[in-house]
Amino acid sequence: SAAEKEGYDFFMMKEIMEQPKAILDTIHPRIKGNEIVLDELSLDKSYFKGLNKVHIIACGSAYHVGLVGKNIIEGIARVDTQVDLASEFRYRNPVINDGDLAIIISQSGETSDTLAALRYAKQHNAKIISIVNVRGSSIARESDDVLYTNAGPEIAVATTKAYSTQMEVLFLLGLYIAEIKGKITQEERAELVDELLSIPEKVKGQLSDIEYLETLGKKFKDVEDVFFIGRGIDYSIAMEGSLKLKEISYIHSEAYAAGELKHGTISLIEDGTLVVALATQDQLFEKMLSNIKEVKARGAYVIGVAQEGNTAIEKEADYVIYVPKTKGCFAGALEVIPLQVFAYFISLHKGLDVDKPRNLAKSVTVE
Ligand code: G6P
């Protein structure tokens, strides 16, 4: 009902706007001073000390979060990490050693493929930590440990606040493991935790002014093809931005690793093709600028997304969306916000049912 939407046209926008609180509610109870305290884990520190291999398993947007999680668990905690689609995992005969950690991500906790993958990992003697939003759901019940996201009920089919809070839990878990394994010092951890604590306010700032994103949404609502490109974490966010857009606007969109453009996709770029170029990673920024030049030379319109201060992007892109400055490993948490809002406005201005896109279900309980 209208009352439930609290004045918003659709639940999706209400849930987008709830993100600062959802993120805060997810991280705050797990930070004491600047230490990460995961009381809900029965797996103890010695388990994490000896951990050699992580399997992250999920479907849809939760899978995209997993790709960001790999970046922290592998990149910072230095534990070998694979990310699998749940529907692929058990059919590829994965190597699972006794004591490996399987991290299962699911908003609903009821996705059949994900539940089946959990059971498969368990049968192969992996330990299971799930990241779930719905309390007491099947996936939560069958896991060794659950780290709940405190997003509250999510109604819109296209996930926003559940996705964002899942990412936060992976940040916490990744840093937690990194410290136990001695890959970061207490000082480094404290600095990263401070930064993490600043994310809710930064997201709030982003959401306080979305007029420009509505203008862009109106302008591009009738395009036929969109390509989201990025490198590293930006590539994982590109996948989520692309999925958000296609699921609620029915516009064909694809995500590409920017370095792969020249191996195929660039042949699809022509006059007027929209390219959303994600460039928040400092060490990859120059490379992204060259990719933008390449697609511009073939006639593309480019919306560039960069961290505040990296104004060099204005010379290359037609439009620029800035995200607040943060440490590169956390940039995805801020970068996804304008992409959600952009997809929302395109769907809204096309006159579509933003909350209930055709053919899609909130939770898929068939394999
Ligand atoms: C469906 C939803 C997606 C979601 C996926 C996994 O396809 O439309 O938004 O990411 O299922 O759902 P889960 O509840 O396991 O996170």
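Only residues that are over 22 Å from Met167 (Cβ atoms), surrounded by fewer than 21 Cβ atoms within 10 Å (Cβ to Cβ) and not aliphatic (A, V, I, L, M): list them for region 286-309, please.
Selection gives Glu286, Lys287, Ser290, Lys293, Glu294, Lys296, Arg298, Gly299, Tyr301, Gly309.
If you scan region 314-340, which residues turn out to be touching a Gly at 6+ places or on another chain (Cβ under 9 Å), crowded, with 20+ Cβ neighbours inside 10 Å and under 28 Å from Arg78 (Cα atoms)?
Those that are touching a Gly at 6+ places or on another chain (Cβ under 9 Å), crowded, with 20+ Cβ neighbours inside 10 Å and under 28 Å from Arg78 (Cα atoms): Cys329, Glu335, Val336.
Please tell me if Leu360 is within 16 Å of the ligand (Cβ to nearest atom), of a type in the set (A, V, I, L, M, F, W, C) and in contact with a Gly (Cβ under 6 Å, 6 or more places away or on another chain).
Values: within 16 Å of the ligand (Cβ to nearest atom): yes; of a type in the set (A, V, I, L, M, F, W, C): yes; in contact with a Gly (Cβ under 6 Å, 6 or more places away or on another chain): no.
Against the criterion (within 16 Å of the ligand (Cβ to nearest atom), of a type in the set (A, V, I, L, M, F, W, C) and in contact with a Gly (Cβ under 6 Å, 6 or more places away or on another chain)), Leu360 does not qualify.
Any idea which residue in region 60-74 is nearest to Leu196 (Cα to Cα), counting only those that are out of contact with any strand residue (DSSP E or B) (no Cβ under 6 Å at 6 or more places or on another chain) and away from the ligand (no atom under 16 Å from the Cβ)?
My answer is Ile72.
Would a scan of region 298-320 turn up a residue that is farther than 29 Å from Ser347 by Cα, in a helix (DSSP H, G or I) and of a type in the set (Asp, Glu)? Steps first, please.
Of all residues in region 298-320, those farther than 29 Å from Ser347 by Cα come to 309-312, 315.
Of the ones still in play, those that are also in a helix (DSSP H, G or I) are 311-312, 315.
Among the residues that remain, those that are also of a type in the set (Asp, Glu) are: none.
Within region 298-320 (the criterion being farther than 29 Å from Ser347 by Cα, in a helix (DSSP H, G or I) and of a type in the set (Asp, Glu)), the answer is no, since none of the residues qualifies.
Need the failing condition index for Ile184 against (1) within 16 Å of the ligand (Cβ to nearest atom); (2) closer than 23 Å to Ile233 by Cα; (3) surrounded by fewer than 22 Cβ atoms within 10 Å (Cβ to Cβ), just the number.
Tallying (1) within 16 Å of the ligand (Cβ to nearest atom); (2) closer than 23 Å to Ile233 by Cα; (3) surrounded by fewer than 22 Cβ atoms within 10 Å (Cβ to Cβ), Ile184 fails exactly one: (1).
Go through Ala140, Ala77, Ala121, Ala102 for me and flag whichever is farther than 30 Å from Pro200 by Cβ, over 17 Å from the mean Cα position of the chain (by Cα) and either away from the ligand (no atom under 13 Å from the Cβ) or not in a loop (DSSP other than H, G, I, E, B) (or both).
Ala121
Can you tell me which of Ser253, Ser267 is polar (S, T, N, Q) and within 26 Å of Asp355 (Cα to Cα)?
The unique qualifying residue is Ser253.
Just so you know, all these numbers are worked out from the coordinates, no wet-lab data involved. Treat the numbers as computed from the prediction; the structure is a model and nothing was measured. Every residue, glycine as well, gets a Cβ built from its backbone with ideal geometry; the counts of neighbours run over all protein chains shown.
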